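Step one of this worksheet: look at the structure below.
The values are calculated or read from the model by the stated rules, or taken from the named source; none is laboratory data. Just so you know, these numbers come straight off a predicted model, no measurement behind them. Positions of Cβ are backbone-derived with ideal geometry, glycine not excepted, and every protein chain shown enters the neighbour counts.
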Amino acid sequence: MTILVEQRAGYRRITLSRPERLNALNVEMAEALLAALDAAEADPACRALVLTGIGRGFCAGQDLTEIVDMPAAEIPALIDRYNPLIRRLAASPLPVVCAVNGVAAGAGANLALACDIVLAARSASFVQAFARIGLIPDCGGTWLLPRLVGRARARALALLAEPVSAETAADWGLIWQAVDDDRLLSAAEALAARLAAGPTVAYGLIKRALDAAATSDLASQLDLERDLQSAAAAAPDHAEGVRAFLAKRPASFTGKRS
Ligand code: T3D
């Protein structure tokens, strides 16, 4: 079993579980993660996700023992097994909190960055390790890095392949927050619980709008905001949010579509 899935009140925690290899990614793990996303999204009681790793690493990227003798011609097919996971994480209607418990290297770093809110233990680090083994950042790295940290830092991260501490990652805007190691899981779970009690439909639409903005012009984005706002407003949580505000009470969101 390459991952563990645990049901919590309102959300699921998915834990990468190949600690002897620092949770290095293989096709079996990518497919298990996709199946876990499918199952979570199909369950109306699941309204957020936490992704973390077991042991001292978050994920050391591609399991290199699996590609050591792989002909270059087979690489595209391999990457086509991973890319759906990055697309699915980014496009999931559920908010995904990543708790980076240790080193996140190569595809493991970009797997974390594809999540919505990334917390990292202060002892964790991020390394775009690809160039060390003559590869380029994949799993969305070349798309995400310049958008997250700008051209200069993206280039240095990718070309130098040096580790960046969790604190620096937070200072640069690569991630949301660095937290004390012993608080990482509780902080991530508290965020997930908070998101699980939020307006789930609006969260999914917020993600869609922000993702579209990366490749859109202002006029198109305004049109998209109009359309997505209308979908958000049609969900019962919008009316509940307004009623709760006017009644000066906390909102009780259900996450229901209609
Ligand atoms: O070909 C393609 O295009 C496919 C797609 C590729 C996408 C990628 O992700 S390419 C990048 C792959 N990842 C890496 O190159 C990182 C390799 N790992 C490291 O550089 C280091 O392990 C770390 C910096 C992540 C951590 O270093 P350290 O010193 O804390 O740990 P360690 O001793 O190196 O690793 C601990 C064990 O995990 C060790 O096994 P052992 O000796 O105890 O039996 C090590 O071999 C194993 N391990 C770590 N990373 C991988 C791995 N085993 C297989 N694949 C790994 N990626």
Residue pairs within 8 Å by beta carbon, gap of at least six or interchain, first lying in region 12-26 and in the same structural domain as Cys115 (by TED's automatic domain parsing) and among the charged types (D, E, K, R), second within 9 Å of the ligand (Cβ to nearest atom) and in a helix (DSSP H, G or I), listed first then second, are Arg21/Thr65
Picked from region 57-87 (must be of a type outside the set (A, V, I, L, M) and in contact with a strand residue (DSSP E or B) (Cβ under 8 Å, 6 or more places away or on another chain)), the residue farthest from Trp143 (Cα to Cα) is Gly57
### Task
Scan region 87-96 and give yes if some residue there is in contact (Cβ under 8 Å) with a residue 24 or more places away in the chain and of a type in the set (Val, Ile, Thr), otherwise no.
yes
Checked against (1) at pLDDT 95 or above; (2) outside the structural domain of Arg8 (by TED's automatic domain parsing), Ala214 satisfies every condition except (1)
Boolean, Asn101 is polar (S, T, N, Q), surrounded by 24 or more Cβ atoms within 10 Å (Cβ to Cβ), closer than 15 Å to Ala24 by Cβ and away from the ligand (no atom under 11 Å from the Cβ)
yes
**Asked** Hey, any hits in region 15-34 for a residue that's among the β-branched types (Val, Ile, Thr) and touching a strand residue (DSSP E or B) at 6+ places or on another chain (Cβ under 6 Å)?
**Response** yes
Listed by first then second residue, the pairs whose first member lies in region 117-129 and is among the β-branched types (Val, Ile, Thr), whose partner is away from the ligand (no atom under 11 Å from the Cβ), with beta carbons under 6 Å and at least 6 positions apart or on separate chains, are Ile117/Val97; Ile117/Trp176; Val118/Cys98; Val118/Ala112; Val118/Ile175; Val118/Trp176
Flagged pairs (Cβ under 8 angstrom, 6 or more apart or on separate chains; first in region 55-79, at pLDDT below 95; second near the ligand (Cβ under 6 Å from one of its atoms) and in a helix (DSSP H, G or I)) are Ile67/Ile75; Ile67/Leu78; Met70/Leu78
Checking Arg153, Arg183 in turn, the sole residue that is without any contact (Cβ under 8 Å) to a residue 40 or more places away in the chain, of a type in the set (Lys, Arg) and in contact with a Phe, Trp or Tyr (Cβ under 8 Å, 6 or more places away or on another chain) turns out to be Arg153
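Among the listed residues Glu28, Glu20, Glu41, which satisfies the condition of being assigned to a helix (DSSP H, G or I), modelled with pLDDT of 95 or more and either crowded, with 22+ Cβ neighbours inside 10 Å or near the ligand (Cβ under 10 Å from one of its atoms) (or both)?
It is Glu20.
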